[in-house]
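Just below is one structure, and these are the notes that go with it.
The values are calculated or read from the model by the stated rules, or taken from the named source; none is laboratory data. These figures come from a predicted structure and were not determined experimentally. All Cβ positions, glycine included, derive from the backbone under ideal geometry; neighbour counts span all protein chains shown. Note: accessible area is taken over every heavy atom of the protein model, side chains too, but ligands, DNA and RNA are not part of it. Shrake-Rupley method; radii C 1.70, N 1.55, O 1.52, S 1.80 Å.
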Amino acid sequence: FPAATNELYIRLQFGATLWAHAGQQDSSGAALEISLPPGYTCYVEGSGEPPHAFDHPGMVTAYKLMRETYAFYNNTVSTLFLLDRNRDDHADYPRGILSAVTPDGSWSASIGQRRCVYTLQNGQALFSGQVVYFRAVVENPSQPMRRSAEDNTWSVQMRSRGTLESGSLYSSPSTPFTLPAPSGSDLWAHNAAVAGELSNILIQPADFALGATHYLSIFFTTFQEVAFGGAVIVDAPAAFAFMHPCSVRLLDRAAYDVTDFPGGVRPLPDTKDCQAIPGPNSEGVGTNRARIRLLGRLVADRTYAFQLRVTNPNHLPSHNCSWYIWTADISGYVVDGSPEHPALAPGFSSCWRLYGQAWPRAPSLHVHGGFLHPYRTFRRPDVLVVSNIRTPVSSNSRHTDMRAIAPPSCLFRKPSAGGFRLSTIDSTMDLPHTPKVGSAGELLWLRIHLLNSYVYGFQAMMEVRDTQALIGTHTFSLELGFSENELAAR
């Protein structure tokens, strides 16, 4: 993303020998120089040695070469050097490095420059055909840069005096990085994108339960345009699954802005297809990435919404919040992406979580009088009635917390303002105390003691806003144990 610190692993194969003559009295000037696109700066620490699964001697027997023809690369650099896709019992990419120990060369000339420079010491040579890898830490440009941009060119150049002890340096032509061979197209690229940042990213589930199959409601605002034939990509945590072909549909018509109101929510353009494939963190198993190919285009600075069918895992994944959304052009190159995990609702900093238990009976909800009344028109609040709140029967009583979330069109009034009731007509026991209103407008009971032998409920006052330019589904949710770390307590 723009202005972010990034790590890039670079592979070089020498087409000619680069030699620093041993007989020179001063520095030979022999060097290898990688030029970066405008806006980048480079730093290489030490030798820039990439990690390898065999770096720890005790792990040598625990790792084996990945000998499948289509061995999956999981974006963990240390496994790159274990791939054996041609099944010859040798690693496809043996790790070669550029030594930075005395009396060898150094990357010190790279610090803070728009180039990565390795300077050879006298008597050092890098031979034709030799392959090396190094890790460069770069500061990205301050603005997005597409892979298809004309100035997004990475190039390499060598210079030395060859066999001469003195005289002018000879420099090779500056050679752009080349496209990878098809067998390595999932491993290497000739340049890198600086993705724009998507905003207003929400992922709201229809079912929080383990093992449930349901539709996610997904919202995002583009930063850059994506021309006709691009794609939207959704990455889920490894334990989630999209069916292939994955199912994409629009939200209810009420969720979209039919006018050209600035900031209004638009439906996703017509789709060509939806492919469910293994995601980067899936270890090659499962289908936790959905690639939605579009027939239309995505306009810059527009908010889009759609629904995507997913199956929740039967267990709690280790990274429950690792959801990401990307847009890509017709070549599959990333254009924009989500810099952080999508939120559950507007104003929230956390994503949605799985729950280990279902309500014994689903709570019921209705608005007193049967209709919502826009506050600006009617100048009076509505009353939300939530009844039939029952705790699971796993224990006679429960100390927990509870949260009620309203859609973005509704704002809860503070209970201290009056009108809040701790029960409904169906309640057999009042709630112990009133909630507070959270920073995102939700009702929070941060510590509450409920008995499973009673039925609870509440009535809350709320104001209804105009629905134009509001992002999120028009649904209410009620969660018991929302802040508990243990799945069984949620």
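Once the C-beta distance of Leu164 and Glu340 is scaled by a Förster radius of 41 Å, the resulting FRET efficiency is 0.15 to the nearest 0.05. A crude spin-label estimate for the pair Arg380 and Glu45, with each label 7 Å from Cα along the Cβ direction, gives 6.5 nm. The largest-to-smallest principal axis extents of the Cα set in the chain are 97, 53, 41 Å.
Treating r as the C-beta distance of Asp270 and Asp104 and R0 as 60 Å, the FRET efficiency rounds to 0.55. Counting only protein heavy atoms and using a 1.4 Å probe, the accessible area of Glu165 comes to about 110 Å². Ordered from highest to lowest accessible area with the whole protein assembly present and a 1.4 Å probe, Leu446, Leu36 read as Leu446, Leu36. Taking 0.36 nm per residue of separation and subtracting the Cα-Cα distance, full extension of the segment from Glu68 to Val299 would add 79.0 nm.
Exposure check, 1.4 Å probe, all protein chains in place: Leu251 carries approximately 20 Å² of accessible surface. What is the distance in Å between the Cα centres of segment 322-370 and segment 428-479? If we compute the Cα centre of each part, the gap is 19 Å. For segment 9-20, the Karplus equation 6.51 cos²θ - 1.76 cosθ + 1.60, evaluated at θ = phi - 60°, returns couplings of 10, 10, 10, 10, 10, 7, x, 8, 7, 9, 10, 10 Hz by residue, with Gly and Pro reported as x.
Packing, as the average of other Cβ atoms within 10 Å across residues, places the peptides 333-345, 264-276 in the order 333-345, 264-276, highest first.
For the chain, the dipole from Cβ point charges (+1 on Lys and Arg, -1 on Asp and Glu) about the Cα centre works out to 1320 debye, to the nearest 20.
Dipole magnitude for segment 402-490: computed about the Cα centre from +1 point charges on Lys and Arg Cβ and -1 point charges on Asp and Glu Cβ, it is near 220 debye. Over segment 187-228, the hull volume per residue, using the convex hull of the C-alpha atoms, is 168 Å³. When the Debye formula is applied to the Cα atoms of segment 238-371, each taken as the same point scatterer, what base-10 log of I(q)/I(0) results at q = 0.11, 0.17, 0.19 Å⁻¹? Log10 of I(q)/I(0), two decimals: -0.53, -1.19, -1.39.
Take 167-173, 305-311 and order them by the average number of nearby Cβ atoms within 10 Å per residue, most first; the result is 305-311, 167-173. In the context of the full set of protein chains, the chain has a per residue accessible area of 49 Å² (1.4 Å probe).
What the Kirkwood sum gives for segment 83-190 is a hydrodynamic radius of 17.1 Å, with every pair of different alpha carbons counted. The residue among Gly112, His474, Leu384 whose Cα reaches farthest toward the positive pole of the charge dipole of the chain, with charges on the beta-carbon of Lys, Arg, Asp and Glu, is Leu384. Of the GluC sites (Glu not before Pro) in segment 396-490, the ones in a loop by DSSP (not H, G, I, E or B) with at most 14 other beta carbons within 10 Å are Glu486. Karplus-based coupling profile of segment 92-109, in residue order and whole Hz: 5, 10, x, 6, x, 10, 9, 5, 10, 8, 5, x, 8, x, 8, 9, 4, 6, with θ = phi - 60° in 6.51 cos²θ - 1.76 cosθ + 1.60 and x standing for Gly or Pro. Listed peptides 243-249, 407-413 appear in the order 407-413, 243-249 once ranked by packing, highest mean of other Cβ atoms within 10 Å at the front.
If you wrap the Cα atoms of segment 428-490 in a convex hull and average its projected area over all directions, you get 6.1 nm². A simple charge model with +1 on the Cβ of Lys and Arg, -1 on the Cβ of Asp and Glu and nothing else charged puts the dipole of segment 68-209 at about 500 debye relative to its Cα centre. Each label was represented as a point 7 Å from its Cα along the Cα-to-Cβ direction; for Asp55 and Gln143 these points are 3.7 nm apart.
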